[in-house]
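Step one of this worksheet: look at the structure below.
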Amino acid sequence: MKSILFFCVAFFVITSSAISQLTSSDLDKIRLIVKEEIVKSEAKLKADITKLETGLKADIAKLETGLKADIAKSEKQLREYMDIRFNSIRNQLLLVVGFVSSLIVLIVVTIGIPQIIMAWRGKNERTQDRRIEELSREIEALKQQRIVQP
């Protein structure tokens, strides 16, 4: 126990100089040291920040170039795909137009030809009807003449 007490007293004697008060010149020296350290750390931080900023700008420029290339490639692939799709749709549309045109021609032929034939026959029938009517009148006129002159 004596040894512990002796060591405690010895530590208090050694540390008694550390409990002293600071003078204004000591505070000025401390401020000067802190300011120098702050200036050094600020300069180091600014250098690190500019270095990182330069690196980030280079990385961003590289990524931007890569993205532009990827976008151009994607646009080219999209154009090729759309050209293929439009050609396919154009071919299908031409096929449908061809079918519709052939159906229209078929309908015109199936309806138009009989109508033309009927009109032609109707014309022949009208001429025959006129001819029959003329002959009927002639027969009547001859009958009238015969009845009047036996």
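The values are calculated or read from the model by the stated rules, or taken from the named source; none is laboratory data. Nothing here was measured: the structure is a model prediction, and the numbers come from that model. For neighbour counting, all protein chains shown are included, and Cβ atoms are generated from backbone atoms with ideal geometry for every residue, glycine included. To get the accessible areas, we keep the full protein, side chains included, count just its heavy atoms, and leave off ligands, DNA and RNA. Shrake-Rupley method; radii C 1.70, N 1.55, O 1.52, S 1.80 Å.
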Legend entry - Helix 2-15 vs. the chain, principal-axis angle (Cα, 0 to 90°, nearest 10): 70
Inset, instruction - Can you find, among 41, 74, 23, the residue farthest towards the positive end of the dipole of the chain? Put +1 on the C-beta of Lys and Arg, -1 on that of Asp and Glu. - result: 74
Legend entry - Read-out P(r) over Cα pairs in 5 Å bins from 0, in percent, derived from the coordinates shown; its label in (i) 2, 7, 11, 12, 12, 14, 13, 12, 9, 5, 2, 1, 0; (ii) 2, 8, 14, 15, 13, 9, 7, 7, 6, 5, 5, 4, 3, 1, 0; (iii) 2, 6, 4, 5, 4, 5, 4, 4, 4, 4, 4, 4, 3, 3, 3, 3, 3, 3, 3, 3, 3, 3, 2, 2, 2, 2, 2, 2, 2, 1, 1, 1, 1, 1, 1, 1, 1, 0, 0: (iii)
Legend entry - Lysine pair number, Cα distance threshold 17 Å (strictly under), the chain, separation 8 or more or different chains: 9
Inset, instruction - Starting from the Cα of residue 144, step 7 Å along the direction of its Cβ; do the same at residue 84; then give the gap between the two resulting points in nm. - result: 9.0
Legend entry - 222 nm mean residue ellipticity, helices alone, for the chain (DSSP H n ≥ 4; -39,500 (n - 2.57); rounded to 500): -35000 deg cm²/dmol
Legend entry - Nearest-20 debye value, segment 1-104 charge dipole, Cβ charges on Lys, Arg, Asp, Glu: 160
Legend entry - Cα-based helix-to-principal-axis angle, 24-148 vs the chain, degrees rounded to 10: 10
Inset, instruction - Please give the net charge around residue 119, taking every other residue with its beta carbon less than 12 angstrom from that of residue 119, where Lys and Arg add +1 and Asp and Glu add -1. - result: +2
Inset, instruction - For residue 121 and residue 37, calculate 0.36 nm times their separation in residues minus their Cα-Cα distance, and state this gained length in nm to one decimal. - result: 18.2 nm
Legend entry - Förster radius 35 Å - calculated FRET efficiency between residue 47 and residue 75, Cβ distance, rounded to 0.05: 0.25
Inset, instruction - Provide the solvent-accessible area of residue 130, counting protein heavy atoms only and rolling a 1.4 Å probe, rounded to the nearest 10 Å². - result: 140
